[in-house]
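Trainee: Quick one: this structure, given as structure tokens, is what I'll be asking you about.
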Amino acid sequence: EVQLLESGGGLVQPGGSLRLSCEGSGFMFSWYAMSWFRQAPGKGLEWVSAMGATGGTDIYYTDSVKGRFTISRDDSKNTLYLHMISLRADDTALYYCARRDPNSHFDSWGQGTLVTVSS
Amino acid sequence: IVMTQTPLSLSVTPGQPASISCKSSQSLLHSDGKTYLYWYLQKPGQSPQLLIYDVSSRFSGVPERFSGSGSGTDFTLKISRVEAEDVGLYYCMEGIHLPWTFGQGTKVEIK
């Protein structure tokens, strides 16, 4: 069974930093492109960042996080990361990681980890 | 790309059909011949789950009462007979132009 487990969320002050992790199991993690999404409280879904499968150089970010967020992966640990700095109140959200099927749809999602940016 | 869903909320009697429209501001037809339009359902308190990919392909385990149709910029998700377990927020998503974007979501509830 494919599983994705996010961790690392929490309460952080504006300007602070956090590193989110997403551990995958039940599939060959290195074969899959992965993404981070977020959902602000009571709002819709927003794509944040994407990284290709191992060996690829594809890394993408939505404009609002460019220069502040860094996506990376450690396939030896079956883990995807999102390093976030200079956090702002509008980064407050439930952050999900998702696996991208080779046919391009996101077929498996984690349960999310909550990031709250507040003083 | 802007994805526009209508309606934003829907109240349906169990056993009755439901339909959600999704319009994109640009064509989602890729030069590879595929149309990168997906439908997700987010049940209360849960993460999104894939229902439909490539406009009309039902994901593994998704009941046959769910169907997708459309082309280019106009798409529709239909539920032939709504069941109580279908309540939640339905989102269309495009996967062709970065940043990938979602519709605003359509809340489906049971009468």
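Just so you know, all these numbers are worked out from the coordinates, no wet-lab data involved. Keep in mind it's a predicted model, so treat the numbers as computed, not measured. Virtual Cβ from ideal backbone geometry, glycine too; neighbours counted across all protein chains shown.
Trainee: About its Cα centre, what dipole magnitude does the stretch B:29-111 give when the only charges are +1 on Lys and Arg Cβ and -1 on Asp and Glu Cβ, stated in debye to the nearest 20?
Mentor: Dipole magnitude for the stretch B:29-111 comes out near 180 debye.
Trainee: Regarding the protein assembly as shown, what's the average projected area of the Cα-atom convex hull, expressed in nm²?
Mentor: Value for the protein assembly as shown: 12.4 nm².
Trainee: Another one. Which one of A:W31, A:V115, B:Y53 is farthest out on the positive end of the charge dipole of the protein assembly as shown, using unit charges on Cβ (Lys, Arg +1; Asp, Glu -1) and the Cα centre as origin?
Mentor: Looking along the dipole axis, the top candidate is A:V115.
Trainee: Each residue of the stretch B:82-98 in order: what ³J(HN,Hα) in whole Hz does its phi give by Karplus 6.51 cos²θ - 1.76 cosθ + 1.60, θ = phi - 60°, with x for Gly and Pro?
Mentor: Working through the residues one at a time gives 5, 10, 4, 6, 8, 5, x, 9, 9, 10, 8, 9, 9, x, 10, 10, 6 Hz.
Trainee: If you don't mind, another one. For the stretch A:22-119, with only Lys/Arg (+1) and Asp/Glu (-1) charged at the beta-carbon, what is the dipole magnitude about the Cα centre, in debye rounded to 20?
Mentor: Details: 9 positive and 10 negative charges, 34 e Å.
About 160 debye.
Trainee: While we're looking at this one, here's another question. Using only C-alpha positions, report the orientation-averaged shadow area of the convex hull of the stretch B:49-111, nm², one decimal.
Mentor: Value for the stretch B:49-111: 4.7 nm².
Trainee: Taking K and R as +1 and D and E as -1, what net charge do the other residues with C-beta under 14 Å from the C-beta of A:T113 add up to? Working shown, then result.
Mentor: On the way: positive: A:R19, A:R38; negative: A:E6, A:E23, A:D91.
It works out to a net charge of -1.
Trainee: Along the charge dipole of chain B, pointing to its positive end and built from +1/-1 on Cβ of Lys, Arg, Asp and Glu, which listed residue (B:S24, B:S11, B:P99) has its Cα farthest out?
Mentor: Highest projection toward the positive end goes to B:S11.
Trainee: Please tell me which of these pairs span more than 20 angstrom C-alpha to C-alpha: B:K23/B:K107; A:K77/B:K43; B:K78/B:K111; B:K43/B:K78; A:K43/B:K34; B:K78/B:K107?
Mentor: Over 20 Å apart, Cα to Cα: A:K77/B:K43; A:K43/B:K34.
Trainee: Based on the mean of other Cβ atoms within 10 Å per residue, sort peptides A:99-105, B:10-16, A:34-40 so the most packed one is first.
Mentor: Working: A:99-105: 16.7, B:10-16: 13.0, A:34-40: 22.1.
Highest to lowest by the protection proxy: A:34-40, A:99-105, B:10-16.
Trainee: Per residue, how big is the convex hull around the C-alpha atoms of the stretch B:1-52? Give it to me in cubic angstrom, could you?
Mentor: Per-residue hull volume (Cα only) is 123 Å³.
Trainee: Apply the Karplus parameterisation 6.51 cos²θ - 1.76 cosθ + 1.60, with θ equal to phi minus 60°, to every residue of the stretch A:49-54 and state each ³J(HN,Hα) to the nearest whole Hz, in sequence, with x for glycine and proline.
Mentor: Using θ = phi - 60°, the values come out as 7, 9, 9, x, 5, 3 Hz.
Trainee: Take the stretch A:18-119, drop everything but the C-alpha atoms, weight them equally and run the Debye formula without solvent; then report log10 I(q)/I(0) at 0.17, 0.18, 0.19 Å⁻¹ to two decimals.
Mentor: Treating every Cα as an identical point scatterer, log10 I(q)/I(0) equals -0.73, -0.81, -0.91.
Trainee: I need the GluC sites (Glu not before Pro) found in the stretch B:23-111, filtered to DSSP loop residues with at most 10 other beta carbons within 10 Å of theirs.
Mentor: Answer in residue order: B:E64.
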